[in-house]
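Worksheet: one structure, shown below.
The values are calculated or read from the model by the stated rules, or taken from the named source; none is laboratory data. Since we're looking at a predicted model, the values are computed, not measured. So basically every Cβ, Gly included, is an ideal-geometry build from the backbone, and we count neighbours across all protein chains shown. Note: areas computed on protein heavy atoms with side chains; ligands, DNA, RNA excluded. Shrake-Rupley method; radii C 1.70, N 1.55, O 1.52, S 1.80 Å.
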Amino acid sequence: MKIAILGAGAIGSLYGGLLAEGGNEVWFLDLWKEHLEVIKKNGLIVQKYGAKRIITGIQAAVSAEEIGPVELVILLVKSYASQKALKENLELFQDNTILLTLQNGLGNIENINEVIDEGKIIAGVTSHGSTVIAPGIINHAGAGKTYIGELTGEHSSRVKKIAALFCNAGIETIVTDQIEILLWEKLMVNVGINSITAITGLKNGQILEYLETEELLEAAVKEALAVARANGIYITLDNPIEYVKNVCKATANNQSSMLQDVLHKRITEIQTINGVVVKAGKGAGIDTPINKVLTNLVVAIQNNYNNLER
Ligand SMILES: NC(=O)C1=CN([C@@H]2O[C@H](COP(=O)(O)OP(=O)(O)OC[C@H]3O[C@@H](n4cnc5c(N)ncnc54)[C@H](OP(=O)(O)O)[C@@H]3O)[C@@H](O)[C@H]2O)C=CC1
Ligand SMILES: CC(C)(CO)C(=O)C(=O)O
C-alpha cells in the first residue's frame, strides 16, 4: 500500500519504519529536513532495549507534491499542527484516501474534520512509546497494542484491511467499534503521565518511584474519570489508575511526548490533554483542580521558554 506518514517524528517514524519493513511504499512527509536526509541516505535506525536495526527503503519528502495521492495518510503531527499540515498537503488525498489519526488527546477528529471530509477519517490509539534520539535515529521505548476504528463504529472492510496490513508489519492492531471510549481511555494515560513528566523531567516509569508524583497521577486520573462519566462516557477498564500505572511500567524508559516537547522548547499538547479535562469538567459542573494546576504549570513553562536554560 502507498502510505504517507504526515509528521514523521518520534511515533510517526516508528509506524512508518515498521510499515516500510512490512513491504509497503512508505513516504515520510515532515518539515525536519535533516531527519529526512539522513533517512534517505542511511535508512532509519531503530533502537530497542539496547539492540538496534536499520530500516531502509523509506522515501521522504517535505511536500506532498513530490509524493502525489496515497491510499493511507497516517497523521502524526502534534494536535495543534494538524490543520496547517493537512492544508499544506492536500495533494495526498484523492477520493478513496483514508486518513488515520493516532494522535493523543481529545478534539483531534473535530479539528481534522474542518479540513478533511469526515468520511475519510478513521481514528486510533497507540500504546507504543518512541523518542527521537538524533536525526534518523529513534528509540522504541515501549510496545503495546494499537486499536483503530471507524467513527461510526462499523467494522468496515477498509478498517479491517488496514488492521491486517499493520499486523503483517508487526504492529499488533485490533479493530474496535468503541473508538470514542478508547480515545477517552488513552486520555486517562496521557492525563496521568504527560504533564507530570513534562513538569518534573521524569521518565514515565520514574513517576512511580516518588510518592508525590504517584499521588498526582492518581488525582489527575480520578478527576478525568469523573469528567468522562459526567459526559456519558463509560470507561471499560477494571481499574483505570492501575492501568495508567501499568503503562508507566511498560514505557518506563520513555520520555513522554510532552516531556520531549518541553526539552525541545516546543508547544505542547497540554490543551488537548489535561486542558480538555478542565474544559469538559467545567461544562459538566465537575471540579478539576489538579488538572487545572498541571495545565497552568505546563502553559507557564511553554510561555517562558526563552528564559529557561533547559
Ligand atoms: N512519542 C510518543 O511516544 C507518542 C506520541 N503520541 C502522539 O503522536 C503524535 C505525534 O507525537 P510525536 O511523534 O511524539 O511528535 P514529534 O514532535 O516527534 O513529531 C511530529 C513531527 O511533525 C512534524 N510537523 C509539524 N508540522 C508539520 C507540517 N506542517 N508538515 C509536516 N510535518 C510537520 C514536526 O516537525 P517539526 O518538529 O519541524 O515541527 C515533527 O517532526 C502526538 O499527538 C502525540 O501525542 C502517541 C503515543 C506515543
Ligand atoms: C503512552 C505514552 C505516555 C508513552 O510515552 C504517550 O502516549 C506519550 O508519550 O504521549
Report summary line: One finds, for residue 229 and residue 33 with R0 = 51 angstrom and r their Cβ-Cβ distance, a FRET efficiency to the nearest 0.05 of 0.65
Query raised in the report: Evaluated at 10 °C with a viscosity of 1.306 mPa s, what Stokes-Einstein diffusion coefficient in µm²/s does segment 29-97 have when Rh comes from the Kirkwood expression over alpha-carbon pairs?
Result: 117 µm²/s
Requested in this report: Please give the net charge around residue 192, taking every other residue with its beta carbon less than 13 angstrom from that of residue 192, where Lys and Arg add +1 and Asp and Glu add -1.
Outcome: -2
Report summary line: With a ≥ b ≥ c from the Cα gyration tensor eigenvalues, square-rooted, and the rule rounded for a/c under 1.5, otherwise prolate when a/b > b/c and oblate otherwise, segment 181-307 is oblate
Requested in this report: Whole number in Å², please: accessible area per residue of the chain, 1.4 Å probe, ligands, DNA and RNA not counted.
Outcome: 44 Å²
Report task. Determine the gain in length on full extension of the stretch residue 156-residue 177; use 0.36 nm per residue of separation and subtract their C-alpha separation, reporting nm with one decimal. Result -> 6.6 nm
Query raised in the report: Relative to the first principal axis of the alpha-carbon coordinates of the chain, what is the inclination of helix 274-284, with its axis defined by its Cα atoms, in degrees from 0 to 90 and to the nearest 10?
Result: 60 degrees
Requested in this report: Could you tell me what percent of the accessible area of segment 205-288 is made up of carbon and sulfur, with a 1.4 Å probe and every protein chain present?
Outcome: 51 percent
Query raised in the report: Going by alpha carbons, how many degrees (0 to 90, nearest 10) lie between the helix axis of 179-200 and the longest principal axis of the chain?
Result: 70 degrees
Query raised in the report: Going highest first, how would you order 21-31, 283-293 by mean Cβ packing within 10 Å?
Result: 21-31, 283-293
Query raised in the report: For residue 263 and residue 208, FRET efficiency with R0 = 30 Å and r from the beta-carbon atoms, rounded to 0.05?
Result: 0.90
Query raised in the report: In whole angstrom, and with the biggest value first, how far do the Cα coordinates of segment 2-177 range along each principal axis?
Result: 41, 32, 28
Report task. Take the Cα pairs of the chain, get the Kirkwood Rh, then feed it into Stokes-Einstein at 25 °C and 0.890 mPa s and tell me D in µm²/s. Result -> 125 µm²/s
Requested in this report: Note down the nm distance, to one decimal, between modelled labels 7 Å out along Cα→Cβ at residue 133 and at residue 96.
Outcome: 4.0 nm
